[in-house]
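Here is the structure we will look at, set down as structure tokens.
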Amino acid sequence: MICKNTIELYSLRSLGVGEKLLPKSDITLCDQFVLIGSGIIWNIYFCIIALSLGFIFAISTAIIRNNKYPFISKAIEIYVFVFRGSPLFIQFFCAYELFVLLPKVGIDINLIFITVTFQTGWLTKAWLGALLVLFLNTTAYSSEIFYGALKSIPKQDIDAANAFGLSNLRKYRKIIVPTMLRNSWASYTNEAIFLFHATTLVFFSSFPAWSQSGDALYYASYFADKTFNPFIPYPIIAAYFISITLLIILIFKIINVYFNKHLPRERKSSIRYLSNYIR
């Protein structure tokens with residue numbers, strides 16, 4: 001019954017819903033599970049949005065690099081090199097310092113017939129600023145993964161598509177992109193797991209949380225300070241992350257099965273028992 005009340009009060013606290021004050025005394029195991037689980041919502045948000053947008057942009061940039069457009073390809077190579085070559089935490093710090101320098105009232109963009117004001121104040125908040133950094137980081141890593149997969153596509157497949165007279169759009173949609181995804185899916189699964197784990201760095205970055213509510217690591221750190229026992233909240237957050245990591249692996253495995261559904265399944269060798277060999 002006590003745990004039910006805790007769920008009602010704190011299950012959505014990270015979104016600004018429910019009790020504002022955190023428990024300061026008589027902290028129970030249920031309090032820690034519920035509040036850390038509430039903070040996990042933000043980690044899931046960062047992962048899903050950054051991964052979804054990054055997936056689309058990574059495929060686009062990989063295809064552009066593979067087609068070797070002179071200036072655009074070089075710009076993408078520099079972008080990928082910078083984000084793969086620098087630590088993610090430094091990227092958070094530099095991005096926040098850059099966003100703070102932007103005018104708080106916004107930037108006016110003149111579109112001839114209308115002037116649009118872009119609100120730059122949102123960029124200093126974790127829900128957008130930190131998300132943008134995670135998106136740029138995962139796009140860079142994923143782009144390199146997909147680019148390597150594109151280079152590994154057999155030339156015979158492309159020649160066969162050209163021989164059948166397929167247009168460039170159908171060639172990419174039917175042959176190049178599916179083959180690229182099959183070749184890179186195991187590596188991309190690791191990137192998705194890394195990105196989800198990297199969302200914990202948002203707590204250490206300069207970006208303020210939504211209504212100062214924080215993510216999972218924020219609550220784990222709070223309980224460790226209040227109870228003087230870090231061996232309960234941190235294993236709890238580890239259990240949450242391991243569970244969601246297993247879910248990510250399962251989802252990506254199902255997608256991988258879909259990508260390879262046209263391939264013949266390996267025949268399982270059947271065991272035959274011959275009566276004259278049974279003693």
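Bear in mind these aren't lab numbers, they're just calculated from the coordinates by the rules spelled out. Bear in mind that the values here come from a model prediction, so they are computed numbers and not experimental data. All Cβ positions, glycine included, derive from the backbone under ideal geometry; neighbour counts span all protein chains shown.
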Treat every Asp and Glu Cβ in the chain as -1 and every Lys and Arg Cβ as +1, leave all other atoms uncharged, and give the resulting dipole magnitude about the Cα centre to the nearest 20 debye. 1440 debye
Could you line up I2, I249, I40 from fewest to most neighbouring Cβ atoms inside 10 Å? I2, I249, I40
Normalise the Debye intensity by I(0) for the stretch 177-263, one equal point scatterer per Cα, no solvent, then take log10 at q = 0.19, 0.24, 0.26 Å⁻¹ and round to two decimals. -0.90, -1.15, -1.25
The stretch 174-244 and the stretch 129-169 have their Cα centres apart by a whole-number Å value of 26 Å
About the Cα centre, and with charges only on the beta carbon of Lys, Arg (+1) and Asp, Glu (-1), how big is the dipole of the stretch 118-255? Nearest 20 debye, please. 520 debye
Selection from Y147, T200, F135, by position along the positive dipole direction of the chain (Cβ): Y147
Rg(Cα)/(2.2 N^0.38 Å) for the chain, N = residue count: 1.31
On each of the three principal axes of the Cα atoms of the stretch 141-194, give max minus min coordinate, whole Å, ordered largest first. 41, 17, 14
Run through all the Cα pairs of the stretch 8-69 and give the fraction in each 10 Å bin from 0, expressed as whole percent. 20, 31, 18, 14, 12, 6, 0
Per Stokes-Einstein, at 10 °C and 1.306 mPa s, what whole-number D in µm² s⁻¹ belongs to the stretch 219-267, with the Kirkwood radius over Cα pairs as the hydrodynamic radius? 117 µm²/s
Taking the beta-carbon count within 10 Å as an exposure proxy, list L217, L22, L98 from fewest neighbours to most. L98, L22, L217
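If you rank V17, V34, V202 by fewest surrounding Cβ atoms within 10 Å, what's the result? Intermediate values should be presented prior to the final figure.
On the way: V17 13, V34 20, V202 25.
By the 10 Å Cβ count, ascending, the order reads V17, V34, V202.
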Per q in 0.09, 0.13, 0.21 Å⁻¹, report the Debye log10 I(q)/I(0) for the stretch 30-185, using one uniform scatterer on each alpha carbon and no solvent. -0.44, -0.81, -1.28
Mind telling me which of R65, R170, R13 comes out most flexible in a GNM of the chain, alpha-carbon contacts under 10 Å? R170
